[in-house]
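Remarks on the structure that follows.
The values are calculated or read from the model by the stated rules, or taken from the named source; none is laboratory data. Predicted model, so just to flag it, every value in this text is computed and none were measured. Here the Cβ positions follow ideal geometry from the backbone for every residue, glycine too, while neighbour counts run over all protein chains shown. Side chains are part of the model used for accessible areas, which takes the heavy atoms of the whole protein and leaves out ligands, DNA and RNA. Shrake-Rupley method; radii C 1.70, N 1.55, O 1.52, S 1.80 Å.
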Amino acid sequence: LGWLEEHLDCDLDEVTLHALRAYQCGLLTGESSRSGKPLGAGSVARISSAWRAFLGFLHDEGRLQENPSARLARPRVGKRAPGHALTIPEVDRLLASATGRGRALDLRDRAMVELFYATGLRCAELLDLDLGDLDHGERKVYVRSGKGDKGRVVPVIRSAWKHLVLYLQQARPHLMREHADSACAAFLSK
């Protein structure tokens with residue numbers, strides 16, 4: 001609002017689509033940003049969404065006759081390339097890091113790291129696994145509600161499955177508690 005008042009001499013109820021586009025361009029070039037540096041397309045897209053929500057709210061409340069941001073286009077945000085892949089020594093160090101806290105916890109941690117690395121499961125998906133989600137005959141994991149509440153079946157390679165079974169047979173019984181929720185959970189804490 002300060003920028004609009006200073007550069008375009010308009011109040012909130014006088015904001016136009018042209019003024020919002022000028023503000024967007026200023027953000028992309030750095031003229032409108034607080035730091036004076038150009039903002040990235042993702043930052044400008046977030047700011048544009050905030051404007052759209054704010055001005056839409058004011059329009060719905062009857063404070064504005066029209067919503068000037070209804071036709072405001074957001075800058076296109078390109079997809080970023082994935083980060084670098086781990087090297088073989090880095091993977092070895094990652095897998096070896098699950099040691100030193102007691103046999104049961106080491107087996108659990110190694111099984112979790114192996115499943116992460118072998119399947120690409122998200123952290124929440126791994127923690128939500130129940131014993132019934134493990135298909136021992138087919139070496140598959142059933143993710144009941146993944147990203148977007150979509151379930152899927154994920155195959156598991158033999159070496160990762162071996163560590164999972166080792167954990168289930170030798171470590172999980174030691175970590176069991178007298179708690180109803182832990183009876184079904186695949187991975188337990190101490």
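3J(HN,Hα) along the range 75-80: x, 6, 10, x, 6, 7 Hz, from the Karplus curve 6.51 cos²θ - 1.76 cosθ + 1.60 with θ = phi - 60°, whole Hz, x for Gly and Pro.
Over the range 1-130, Cα pairs under 8 Å with separation of 6+ residues give a relative contact order of 15 percent.
Taken over the chain, lysine pairs spaced eight or more positions apart, or on distinct chains, with alpha carbons under 24 Å apart number 6.
With all protein chains kept in place, the per residue accessible area of the chain amounts to 66 square angstrom at a probe of 1.4 angstrom. Within the accessible surface of the range 103-167, defined with a 1.4 Å probe on protein heavy atoms only, the carbon and sulfur portion equals 53 percent. Take the Cα radius of gyration of the chain and divide it by 2.2 N^0.38 Å, N being the number of residues; the result is 1.62. Out of Gly83, Gly132, Gly148, any idea which swings most in a Gaussian network model of the chain, alpha carbons joined below 10 Å? Among Gly83, Gly132, Gly148, the largest GNM mean-square fluctuation belongs to Gly148. For the chain, a Gaussian network of Cα nodes joined below 10 Å ranks Leu39, Leu127, Leu95 by mean-square fluctuation, and the top entry is Leu39. Shown here are the Rg and Dmax of the Cα trace of the range 83-144, at 13.0, 35 Å.
Rounded to the nearest 10 square angstrom, Asp13 shows an accessible area of 110 square angstrom against a 1.4 Å probe.
Here, the range 60-171 is characterised by an Rg to Rh ratio of 1.24, where Rg is the alpha-carbon radius of gyration and Rh the Kirkwood radius. Taking trypsin sites (Lys or Arg not before Pro) across the range 56-123, the ones in a DSSP loop with at most 14 further Cβ atoms lying within 10 angstrom of their Cβ are Arg63, Arg76, Lys79, Arg80, Arg101, Arg122.
The residues Ile47, Ile88, sorted by heavy-atom accessible surface at 1.4 Å with ligands and nucleic acids left out, run Ile88, Ile47 from largest to smallest.
Rg/Rh for the range 1-112 (Cα atoms only, Rh after Kirkwood) is 1.35. Where only DSSP H runs of four or more residues are counted, the chain gives -12500 deg cm²/dmol as its mean residue ellipticity at 222 nm, each run worth -39500 (n - 2.57). Ranking of His59, His84, His136 by solvent-accessible surface, largest first: His84, His136, His59 (1.4 Å probe, protein heavy atoms only, all chains present).
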